[in-house]
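The values are calculated or read from the model by the stated rules, or taken from the named source; none is laboratory data. In this text, all values refer to a predicted model and were calculated from it rather than measured experimentally. Here the Cβ positions follow ideal geometry from the backbone for every residue, glycine too, while neighbour counts run over all protein chains shown.
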Amino acid sequence: MPIKNRFAEMLPEVTEWRRDLHENPEILFDTIRTSAAVKAKLTEFGVDDIVTGLGRTGVVGVIKGKTNKSGKVIGLRADMDALPIHEATGLDYASKTDGAMHACGHDGHTAMLLGAAKYLSETRNFDGTVVVIFQPAEEGGGGGKEMCDDGLMDKFGIQEVYGMHNWPGRPVGSFAIRPGSFFAAADQFHIEIEGKGGHAAKPQETIDTTVMASHVVLALQTIVSRNVDPVKQAVVSVTSFETDTKAHNVIPQRVTLRGTVRTMDQDVQDLCEKRLSEVVQGTVAVFGGVAKINYERGYPVMVNSEEQTEFAAQVAASVSGTCEEAPLVMGGEDFAYMLNERPGAYILVGNGETAPVHHPEYNFNDEAIPAGCSWWAGIVEQRMPVE
């Protein structure tokens, strides 16, 4: 029986797991219930070894194949955490936790990898070892880095690692991937501008922070338009403009700006950080103010390995009939830390015409489950075939 047919049979069961996870979202490293549920399922499946506590609340399962002549060890990773968003789907299995929601589909990722783990534990139709990785805190917490720092790759002897993300707007169950740089480095900045506050009717007696900050916002846009090579990718976005007063007749003493910088290579990342500081300090100095800047490097660029990407695309095509080239994504993804340690690939699976991720009306499309599970299992069976 083709793998996809087996997972079509399993669809009601995996859907039930997914919806239970959706109903009980947990944020960042606080995936206590989720991690326990994952461990319980892996135990039920007869996974050979289960380790908890990597990356604080991560769960790792080891599944051995029928044979191990190849000595190969492949890691498959799914993220488990939700987002601090109030759900607005109106679903009968909507979040029970106020202010937390699976708005990025990590419930689907976890359920699909559990489905693959059950199948692989039943069939063992591969030559080598599979390590299934359930990671907390992808949404800004760097859970992937913490699992790597805890020795994930060396402890389990992982040689290659693969990840997947659902993608709204793509046909359900279709795939897209690209070699090389795929998801952007995601940095953030916090700027405090200080001037001299005063009465709005007497601006000549102040050093107006709102005017300074407004000029800074506009000037920062020149980093991309006038400093970055036009054939390279970068985004500089100021996302928060906050004063220390709400009064209509007060020029504030301080203004705080926050935002993000997204880049696709190290040189552009370095340039943007350098120019941001120069632009802010220079602009503020012109008006007689001062600025304090806190620039934090976030997730690195996620880079797919050439060989593993080609193989992952072949497996995807065997599941859905085709695999397209994905566009560059300026969002961040902490699977980058795992790909920095081992060769591997990250793929997108279509979620259909749904609300976008990180939206209060988003929902993972359960119809994508057979394709996603089939890709996980196909990676294993085709990369480590039994002779």
When you go through (1) under 21 Å from N166 (Cα atoms); (2) surrounded by 22 or more Cβ atoms within 10 Å (Cβ to Cβ); (3) of a type outside the set (G, A, S) one by one for P84, which number turns out not to apply? (2)
Pair list, Cβ < 7 Å and 6+ apart or interchain, from the stretch 119-130 residues that are outside the structural domain of K66 (by TED's automatic domain parsing) to residues that are surrounded by 23 or more Cβ atoms within 10 Å (Cβ to Cβ) and modelled with pLDDT under 95: none
Name the pairs whose Cβ atoms lie under 7 Å apart, with the first residue in the stretch 298-320 and outside the structural domain of D267 (by TED's automatic domain parsing) and under 19 Å from F7 (Cα atoms), the second part of a helix (DSSP H, G or I) and among the charged types (D, E, K, R), and 6 or more positions between them or separate chains? V319/K4
Filter the stretch 230-251 down to the residues that are touching a helix residue (DSSP H, G or I) at 6+ places or on another chain (Cβ under 8 Å) and touching a residue at least 40 places away in the same chain (Cβ under 8 Å), then identify the one that is farthest from L276 (Cα to Cα). I251
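Can you name the residue in the stretch 126-144 that is of a type in the set (D, E, K, R) and under 12 Å from the mean Cα position of the chain (by Cα) and is also nearest to G53 (Cα to Cα) among such residues?
By that ranking, first place goes to E138.
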Of the candidates G61, G55, the one satisfying the condition of being in the same structural domain as K96 (by TED's automatic domain parsing), more than 16 Å from H109 (Cα to Cα) and touching a helix residue (DSSP H, G or I) at 6+ places or on another chain (Cβ under 7 Å) is G55
Matching option when the condition is in contact with a Phe, Trp or Tyr (Cβ under 6 Å, 6 or more places away or on another chain) and assigned to a loop (DSSP other than H, G, I, E, B), among E273, E333: E333
Scanning the stretch 238-265 residue by residue, those surrounded by fewer than 15 Cβ atoms within 10 Å (Cβ to Cβ) and touching a Ser or Thr at 6+ places or on another chain (Cβ under 9 Å) turn out to be T239, S240, E242, D244
Please go through (1) closer than 19 Å to F364 by Cβ; (2) acidic (D, E); (3) surrounded by fewer than 19 Cβ atoms within 10 Å (Cβ to Cβ) for D154 and return the number of the only condition it doesn't satisfy. (1)
Among the residues of the stretch 51-92, which ones are part of a loop (DSSP other than H, G, I, E, B) and under 24 Å from the mean Cα position of the chain (by Cα)? G55, R56, T57, M80, D81, P84, I85, H86, E87, A88, T89
Mind counting the residues in the stretch 93-129 that are among the charged types (D, E, K, R), in a loop (DSSP other than H, G, I, E, B) and farther than 26 Å from P25 by Cβ? 1
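Here's the yes/no breakdown for (1) within 13 Å of M164 (Cβ to Cβ); (2) surrounded by 14 or more Cβ atoms within 10 Å (Cβ to Cβ); (3) modelled with pLDDT under 95:
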{"position": "G288", "(1), (2), (3)": "no, no, no"}
{"position": "A291", "(1), (2), (3)": "no, yes, no"}
{"position": "T322", "(1), (2), (3)": "no, no, yes"}
{"position": "P327", "(1), (2), (3)": "no, no, no"}
{"position": "T354", "(1), (2), (3)": "no, yes, no"}
{"position": "V380", "(1), (2), (3)": "no, yes, no"}
